[in-house]
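J.: I'd like to ask some things about the structure below.
The values are calculated or read from the model by the stated rules, or taken from the named source; none is laboratory data. Being a predicted model, the structure only gives us computed values, none of them experimental. Reconstructed Cβ throughout: ideal geometry from the backbone, glycine too, with neighbour counts over all protein chains shown. Surface areas here come from the heavy atoms of the whole protein model, side chains and all, with no ligands, DNA or RNA. Shrake-Rupley method; radii C 1.70, N 1.55, O 1.52, S 1.80 Å.
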Amino acid sequence: AAGVIQSPRHLIKEKRETATLKCYPIPRHDTVYWYQQGPGQDPQFLISFYEKMQSDKGSIPDRFSAQQFSDYHSELNMSSLELGDSALYFCASSLEGGGQYFGPGTRLTVT
Amino acid sequence: DAKTTQPPSMDCAEGRAANLPCNHSTISGNEYVYWYRQIHSQGPQYIIHGLKNNETNEMASLIITEDRKSSTLILPHATLRDTAVYYCIVRVSPSASKIIFGSGTRLSIRP
């Protein structure tokens, strides 16, 4: 079965640079979520979109923005990167009424 | 969302049933119990969810007490690949809402 696709899988950036992470949900799933997991931490919710509209917002820095496009894929844009942004970034998708299915994650390293 | 309490770690012999407990004494009537797991550095994996009735799927069984204040996830025949952190999460509805991950239970399977 098709799963959530995230790209790139690994990304290395320098401080103050920008990064764009992409997420392709499972076909027919209408909701996308973004989570951040720092080293040794549990995943933390950042933001979600339902039918291309922002549905919820967590502890997402103002330097980050995200959107969901007409084909339901989503992008997380991160600017002015800081060392503390180094983490695993997971995207998940769901169809209303069901569980969230997570992608393999993007490992972002900021140097 | 209701708070959950899980033991920080457990171990189980390979081939035996692994029973992971979760307390959610403040659960509300419209809150579901979800279980996810995360194998090291992989995306969290949805396992099962339920409202009040016991549930079973190809991965596990979920037993919810009659008062709904606690539940048990059962992996009937644990394998080494079941070694992971298991998260018990209570959410208002199954639809588009974020997951708040707690500390979870680190399950180790002994050969």
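J.: Taking the Cα centre of chain B as origin, sum charge times position over the Cβ atoms of Lys and Arg (+1) and Asp and Glu (-1), and report the length of that vector in debye to the nearest 20.
T.: It works out to roughly 200 debye.
J.: Sticking with this structure for a sec: With all protein chains present and a 1.4 Å probe, how do A:Asp85, A:Asp56 order by accessible area, largest first?
T.: Putting A:Asp85, A:Asp56 in descending order of accessible area: A:Asp56, A:Asp85.
J.: Right, something else. List the residues, sorted by chain then number, that are 5 or more residues from A:Ala66 or on another chain and whose placed amide H is less than 5 Å from its amide H.
T.: Residues meeting the criterion, in which the H sits 1.01 Å from N, are A:Asn77.
J.: Mind checking which lysines have their Cα closer than 23 Å to the Cα of A:Lys52? Skip sequence neighbours fewer than 8 apart in that chain.
T.: A:Lys22, B:Lys98
J.: Over all residues in B:42-51, what is the mean tally of Cβ atoms on other chains that come within 10 Å of each residue's Cβ?
T.: That works out to 5 on average.
J.: What order, most packed first, do the peptides A:26-32, B:49-55 have when packing is the mean number of other Cβ atoms within 10 Å of each residue?
T.: A:26-32, B:49-55
J.: Going by average Cβ neighbours within 10 Å, how do the peptides A:61-67, A:44-50, B:40-46, A:86-92 rank, with the highest at the top?
T.: The packing order, highest mean first, is A:86-92, A:44-50, B:40-46, A:61-67.
J.: Then there is this: Apply 1/(1 + (r/R0)^6) to the Cβ-Cβ distance of A:Met53 and A:Thr18, taking R0 = 22 Å, and write down the FRET efficiency to the nearest 0.05.
T.: Efficiency for this residue pair is about 0.35.
J.: So, one more: In the range B:26-70, if the dipole is taken from +1 on Lys/Arg beta carbons and -1 on Asp/Glu beta carbons about the Cα centre, which of B:Asn54, B:Val33, B:Gly43 is farthest to the positive end?
T.: Positive-end residue among those listed: B:Gly43.
J.: Taking a label point 7 Å from the Cα of A:Thr111 along the Cα→Cβ vector, which residues of the range A:48-82 have an amide N closer than 17 Å to it?
T.: A:81-82
J.: When averaged across all projection directions, what area in nm² does the alpha-carbon convex hull of the range B:1-95 cover?
T.: 6.0
J.: Let me ask something else. Between beta-carbons, use under 12 Å as the cut-off and find the net charge around A:Gln68, counting Lys and Arg +1, Asp and Glu -1.
T.: Residues near A:Gln68 contribute -2 overall.
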